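K.L.:
Sharing a structure here in structure tokens format.
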Amino acid sequence: MDSAIAVLLFLGIFLGLALLRVPVGFSLGIAGLFVMYKYGIPVGNAPAVAFQSLDTFPFLAIPGFIYAGDLMTNGGISKAIVNFTQAILGKIKGSLGLISVVASMMFGTVTGSSLATVAAIGSMMIPEMVEAGYKRNYATALISASGFLGILIPPSIPGIIYAITSGVPVPIVWVSTIGPGILIGIGYIIVNYFVMGDKQKFKSESVSKGHFADLIENGRKAFPALLLPLLIFGGIYGGVVTPTEAAAVSVAYGLIIALLVYHGIDRKNFWSVTKSSAISSATVSILIAFAAIAGRMITLMNVADNLSGLIKIYIHSPFTFLVAVNILYLILGMLMETNTAILVTGPILIPLAISYGINPVHFGAIMLVNLCIGFITPPFAANLFVGCRIGNVQMQETIRPLLPFLAVGIIVLILTTYVPTISMFLPNLFYSK
């Protein structure tokens, strides 16, 4: 009983502070410390708990990939990727929507950031789609929905956080979401074909390009950017580097091509990009540290075991448990930032999932797909906020054209949940004993 009251008290304080716009990391820490103090748990070791949570080698990958992503985002690579994709796909019906989806997937493998993908690809493609006859609200909805493909197709920071929370190696978590990410991308392309396949106007010269010489030229320009994912994944899955070392390689490579190849980074903006990356890394670090305090409270209050016993009284099968989990995460995705949701709920639900016989790798894919759908589900809907600002439309105007893309996400989520092969095929292929 005390465990249930402690959880409710923790969530009430956390959500109340968050609604008052207290930074999420501090809201977590304050809520966790208050509950610990109320129930007589010593709070003097909280600093050590916070420090130990960050004293983990894989977490060093987070600032590395954040910095590499910022360098690549500001380094001028988005134009090279979009032009290369246009050269390949520019003659297909509804090609601009198709290009937007594919370019988002490719850009995501370089930056690993959903919001950066929306900002970079959207700023280029929304004006071009509008010129070609796309409604502005539809173009904004498509770009916003495509942005989170950059998280499902690695590298991704949420994947690293889930890996550390669950104890599963980072590369295995990363490959588990590739299948769902590709399926969602295909679904978006199909939706766009039926909506815009016969409506797109081929007026723009950039769209009409498709000849072999143009393909070779744009491929040459895009090659340095597209080489980065090959270096990252070839090194990691070939056993040459760890994810943390791959992050360092990404920073070095990203800086070189941003400075010398694409010339998007110079002495004037180098320090501003570096400062922005440092702030983002510090924000994530604070979130992780204070979430560890909340996690310690959950452990000492024996919340996971007590909740497991309570849930098993009412939920007797993995099927029903996963239905409840999907509903929970769809709601959390609407209200809570992705990394926070993983850090708060992971220590409770991952052991529960294992007790029902669900593989933690499979459960991670379910969790990440769920939370990514939250990027386009109001009221949180971070991708929509960014997309609407770039597309110069009101959020309510995007809801109707967004519904087919939400439907695709839900369908793929159901398939990922109840057809484990979708998420487990690549982990089993690369890591089967």
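The values are calculated or read from the model by the stated rules, or taken from the named source; none is laboratory data. Note that the coordinates shown come from a computational prediction; the quantities given were computed from them, not determined experimentally. We place every Cβ from the backbone using ideal geometry, glycine too, and count neighbours over all the protein chains shown. Surface areas here come from the heavy atoms of the whole protein model, side chains and all, with no ligands, DNA or RNA. Shrake-Rupley method; radii C 1.70, N 1.55, O 1.52, S 1.80 Å.
K.L.:
Pairing the Cα long axis of helix 61-74 with the longest principal axis of the chain, what angle in degrees results, from 0 to 90 and rounded to the nearest 10?
P.N.:
With both axes taken from Cα atoms, the answer is about 30 degrees.
K.L.:
Oh, and also: What residue among Ile62, Ile30, Ile189 shows peak mean-square fluctuation when the chain is described by a Gaussian network model with Cα springs under 10 Å?
P.N.:
Its mean-square fluctuation being the largest, the pick is Ile30.
K.L.:
Considering only protein heavy atoms, what is the solvent-accessible area of Thr283 at a probe of 1.4 Å, reported in Å² to the nearest 10?
P.N.:
Result for Thr283: roughly 80 Å² accessible.
K.L.:
So how tilted is helix 267-300 from the main axis of the chain? Cα-based, degrees 0 to 90, rounded to 10.
P.N.:
30 degrees
K.L.:
Further question: Just Tyr162, Tyr67, Tyr237 to compare: in a GNM of the chain, with alpha carbon springs under 10 Å, which one fluctuates most?
P.N.:
Fluctuation is largest for Tyr237.
K.L.:
Sticking to Cα atoms, compute the Rg of the chain to one decimal and its Dmax as the biggest Cα-Cα distance, whole number, in Å.
P.N.:
Expressed in Å, the Cα Rg and Dmax of the chain come to 21.9, 72.
K.L.:
Equivalent ellipsoid semi-axes for the stretch 239-294, as square roots of 5 times the alpha carbon gyration tensor eigenvalues: give them largest first, rounded to whole Å. Could the numbers behind the result be given before it?
P.N.:
Details: eigenvalues 147, 68, 5 Å².
Ellipsoid semi-axes (Å, largest first): 27, 18, 5.
K.L.:
With the cut-off at 1.5 for a/c, could you classify the stretch 271-334 from its C-alpha gyration tensor as rounded, prolate or oblate? Mind dumping the intermediate values first?
P.N.:
On the way: a/c = 5.43, a/b = 1.97, b/c = 2.75.
Oblate.
K.L.:
Just to verify a number: what accessible area does Phe430 come out at with the full protein assembly present, 1.4 Å probe, Å² rounded to tens?
P.N.:
Using a 1.4 Å probe on the heavy atoms, I get roughly 110 Å².
K.L.:
What accessible surface, in Å², does a 1.4 Å probe find on Ile331, ignoring ligands, DNA and RNA and rounding to the nearest 10?
P.N.:
Result for Ile331: roughly 90 Å² accessible.
K.L.:
Separation of the stretch 225-279 and the stretch 77-125 by C-alpha centroid, Å?
P.N.:
The stretch 225-279 and the stretch 77-125 have Cα centres spaced 19 Å from each other.
K.L.:
What length, rounded to one decimal in nm, is gained on full extension from Ile348 through to Val419, with 0.36 nm per residue of separation minus their alpha-carbon distance? Walk me through the intermediate numbers first.
P.N.:
Numbers: separation 71, 0.36 × 71 = 25.56 nm, distance 2.37 nm.
Taking 0.36 nm per residue and subtracting the Cα distance, the gain is 23.2 nm.
K.L.:
Starting from the alpha-carbon convex hull of the stretch 227-350, give the projected area averaged over all orientations, in nm².
P.N.:
11.4 nm²
K.L.:
Given N residues in the stretch 9-82, what is Rg(Cα) / (2.2 N^0.38 Å)?
P.N.:
Computed over Cα atoms of the stretch 9-82, the ratio equals 1.64.
K.L.:
By how many degrees, 0 to 90 and rounded to 10, does the Cα axis of helix 318-335 deviate from the longest principal axis of the chain?
P.N.:
Relative to the chain, helix 318-335 is tipped by roughly 70 degrees.
K.L.:
Taking R0 as 56 Å, what FRET efficiency do you get between Leu54 and Ala213 from their Cβ-Cβ distance, rounded to the nearest 0.05?
P.N.:
Details: r = 51 Å, r/R0 = 0.92.
Efficiency, from the Cβ-Cβ distance: 0.65.
K.L.:
May I have the pair-distance distribution P(r) for the stretch 371-433, computed from all Cα-Cα distances with 10 Å bins from 0 and rounded to whole percent?
P.N.:
So the P(r) values, bin by bin, are 20, 37, 22, 16, 4, 0.
K.L.:
Ok, one more. Using only C-alpha atoms and all pairs of different ones, pull out the Kirkwood radius for the stretch 326-433 in Å with one decimal.
P.N.:
15.0 Å
K.L.:
Which of rounded, prolate or oblate describes the stretch 1-134 when judged by the alpha-carbon gyration tensor and an a/c cut-off of 1.5? Can you show the working numbers first?
P.N.:
On the way: a/c = 4.02, a/b = 2.42, b/c = 1.67.
It is prolate, given that a/c is not under 1.5 and a/b is the larger ratio.
K.L.:
Hey, what number do you get for the chain at 222 nm if only DSSP H runs of n ≥ 4 count, each worth -39500 (n - 2.57), divided across all residues, to the nearest 500? Don't skip to the answer; put the middle values down first.
P.N.:
On the way: 23 runs with 345 residues, N = 433.
Here the helix-only value at 222 nm equals -26000 deg cm²/dmol.
K.L.:
Just grab the label-to-label distance for Val43 and Ala4, each label 7 Å out from Cα along the Cβ direction, in nm (one decimal).
P.N.:
2.7 nm
K.L.:
To continue, here is another question. Could you compute the FRET efficiency for Val22 and Leu230, with r as their C-beta to C-beta distance and R0 at 56 Å, rounded to 0.05?
P.N.:
Once the sixth-power term is evaluated, E becomes 0.85.
K.L.:
With a 1.4 Å probe and all protein chains kept in place, how do Ile157, Ile186 rank by accessible area, largest first?
P.N.:
Highest to lowest solvent-accessible surface, that is Ile186, Ile157.
K.L.:
If I model a spin label as a point 7 Å beyond the Cα along the Cα-Cβ vector, how far apart are those points for Ala278 and Ile186 in nm?
P.N.:
Inter-label distance under the simple model: 4.6 nm.
K.L.:
Using 1/(1 + (r/R0)^6) with R0 = 35 angstrom and r between the beta carbons of Ile410 and Ile313, what's the FRET efficiency to the nearest 0.05?
P.N.:
My answer for the efficiency is 0.75.
K.L.:
Quick one: Cα centre-to-centre distance for the stretch 341-410 and the stretch 25-50, in angstrom?
P.N.:
29 Å
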